[in-house]
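Okay, structure first, notes after.
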Amino acid sequence: MSERIRILAVDDSQSTLEVLKRNLESNGYEVFTALRVAEALSLLDSLDIDLVITDYRMPQATGLDLIRHVRDNYPDTEIMMITGYPSIPGAVEAIKDGAGEYLPKPFTAEELLTVVERIVQRLLQRRVLGSPDTPPDNFGIIGNSPEMDLVFQRIGKASSTDANVLISGDSGTGKELVARAVHYNSDRRSAPFVPVNCTAIPDSLLESELFGHVKGAFTGAKDARAGFFEIAAGGSIFLDEIGDASPNMQAKLLRVIQSKEYCKVGSSHVHTVDTRIIAATHKDLKRLVAEGSFREDLFYRINVVDIAVPSLNERGDDILVLISHFMGKFAEAMNRAVPSLTDEALQAFRHYSWPGNVRELENLVQRLVVIVDHDPIEITDLPESMRFILSSEGGVDRSLADVEKEHISNVLAMTRNNKTRAAEILGINRKTLREKLKRMGLE
Ligand SMILES: Nc1ncnc2c1ncn2[C@@H]1O[C@H](COP(=O)(O)OP(=O)(O)OP(=O)(O)O)[C@@H](O)[C@H]1O
Ligand SMILES: [Mg+2]
């Protein structure tokens, strides 16, 4: 809190920058200046900037590009736009884009300070209160549970080293998101992140896809082609579904990881590899190794830092945070108000088993935001499989007969009274079901 507010002023006119600097510094702010957008970007990257003041018109990139960049990469940084043309469409667009405040040129020192102070008030307030709708910045991955904390710690560790990483977790848990977080928080962030789906490459093309080929390397190789390792030079390769890599691919990967060298198809020139490997799988690689379908030597090469992503139902209240995150995201995209959920609907979300994990939750929320036109969203708006789980909930002080009766009526309701289907689900024959119904007075 005692830290001074840091302002970055960006303008292609040195004299405007000087005016800004003088006025703001004399009011206690720490001021940095940049004449070009590129310079601004590197300052943003290296300093904790609280507020960016930018001109609209600049050579190379416009103030608008800069604003977008700040919005996307520094969500806590405030933005103020200065423009000599308040009526130009770009300025309006900028405000819609979340530019925050804008100040028309020419301005007096007093006008400048009024706007800046308004922004600073907002900043300070947010620092004191904490922001309820911007959760702690965990690489853009939503979650506060202790289980996810472990994941965040591992991402932090993996980002600060150059070691190979193996990410495991069920389908839809966010493995790719984790892989991107590792890359974009590492020193390799300015070089490419190159996803490779290990199941999708036929063995015949494998070598050329991974390492590239020279012109005329084989029939049909009319042009030279860069391989994944070349494209990812300086960056990271994301080997997705590594558990499904063919034996041939496993062998090729092992060789390139061990030797850190490769040749393009059709050439004997040796290239050095400068790429970090981030691999992911929904399979249990250790078991595959034990069964003999995954090479143990390759496993140890990639499993230097391992990150296990928990399934959604292991994350406790994260489900609530995720619901609210996705509701907000899709409501905004649809340009409608964020809908709420009845308690009952919320309970159903909590008790459902989420076999498709976060992806399933995200898809469901999206569908609800698109389809449901009333507020709040009710339990009857949810898919039947979710309602069913909830209705079989009950206290623990009930007799077996009571629970059985309720369960049978739920199954009948779900099958719309189809007794054959209900008996199937209950694992009893139709005759037994009929007898039970009679005894319970449900016929
Ligand atoms: N913690 C999270 N916060 C926000 N969004 C998430 C989170 N986890 C996953 N998602 C979203 O869920 C979807 C699935 O994530 P992702 O593709 O990373 O999963 P995956 O584990 O790679 O799945 P699969 O095994 O099926 O390939 C994506 O749209 C992703 O943005
Ligand atoms: Mg994936």
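Looking at A217, A179, can you tell me which residue is on the phi < 0 side of the Ramachandran plot, within 14 Å of ligand 1 (Cβ to nearest atom) and surrounded by 14 or more Cβ atoms within 10 Å (Cβ to Cβ)?
The conditions single out A179.
Out of the residues in the stretch 267-304 that are basic (K, R) and more than 16 Å from ligand 2 (Cβ to nearest atom), state the one that is farthest from A245 (Cα to Cα).
Here the answer is R276.
Of the numbered conditions (1) free of Cβ contacts under 8 Å to residues at least 40 places away in the same chain; (2) closer than 19 Å to K260 by Cα; (3) assigned to a loop (DSSP other than H, G, I, E, B), A163 satisfies every one except a single condition; which is it?
(1)
A quick yes/no check of all residues on (1) away from ligand 2 (no atom under 14 Å from the Cβ); (2) at pLDDT 90 or above:
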site	(1), (2)
D170	no, yes
D187	yes, yes
P192	yes, no
N197	no, yes
K215	yes, yes
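For the stretch 150-176, what are the residues that are within 16 Å of ligand 1 (Cβ to nearest atom) and of a type in the set (S, T, Y)?
Within the stretch 150-176, S168, S171, T173 meet the criteria.
Would a scan of the stretch 224-233 turn up a residue that is within 16 Å of ligand 2 (Cβ to nearest atom) and either within 22 Å of F152 (Cα to Cα) or not hydrophobic (A, V, I, L, M, F, W, C) (or both)?
Restricting attention to the stretch 224-233, the residues satisfying the condition of being within 16 Å of ligand 2 (Cβ to nearest atom) are none.
No, the stretch 224-233 has no match at all.
Quick one: F228 ticks every box in (1) in contact with a Gly (Cβ under 7 Å, 6 or more places away or on another chain); (2) modelled with pLDDT of 90 or more; (3) in the same structural domain as V265 (by TED's automatic domain parsing) except a single one, so which number is it?
That leaves (1) as the condition not met.
Could you list all residues from the stretch 190-224 that are of a type in the set (D, E, K, R) and closer than 17 Å to V273 by Cα?
Scanning the stretch 190-224 gives E207, E209.
I'm trying to understand the selection: among the residues of the stretch 273-326, which are open to solvent by 20 Å² or more (accessible area, probe 1.4 Å), in contact with a strand residue (DSSP E or B) (Cβ under 8 Å, 6 or more places away or on another chain) and within 21 Å of E362 (Cα to Cα)?
H282, A308
Which of the numbered conditions does K252 fail, given that it passes all the others? Conditions: (1) without any contact (Cβ under 8 Å) to a residue 60 or more places away in the chain; (2) out of contact with any helix residue (DSSP H, G or I) (no Cβ under 7 Å at 6 or more places or on another chain); (3) under 14 Å from V196 (Cβ atoms).
Among (1) without any contact (Cβ under 8 Å) to a residue 60 or more places away in the chain; (2) out of contact with any helix residue (DSSP H, G or I) (no Cβ under 7 Å at 6 or more places or on another chain); (3) under 14 Å from V196 (Cβ atoms), K252 violates only (2).
Provide a single number: the residues in the stretch 234-250 that are open to solvent by less than 40 Å² (accessible area, probe 1.4 Å) and either away from ligand 2 (no atom under 16 Å from the Cβ) or not assigned by TED's automatic domain parsing to the domain that holds D203 (or both).
Final tally of qualifying residues: 5.
What are the residues in the stretch 126-152 that are in a helix (DSSP H, G or I) and modelled with pLDDT under 70, if any?
Within the stretch 126-152, R127, V128, L129 meet the criteria.
The values are calculated or read from the model by the stated rules, or taken from the named source; none is laboratory data. Quick caveat, the model's predicted, so the values are computed rather than measured. Note that each Cβ is placed from the backbone with ideal geometry, even for glycine, and that neighbours are counted across all protein chains shown. Surface areas here come from the heavy atoms of the whole protein model, side chains and all, with no ligands, DNA or RNA. Shrake-Rupley method; radii C 1.70, N 1.55, O 1.52, S 1.80 Å.
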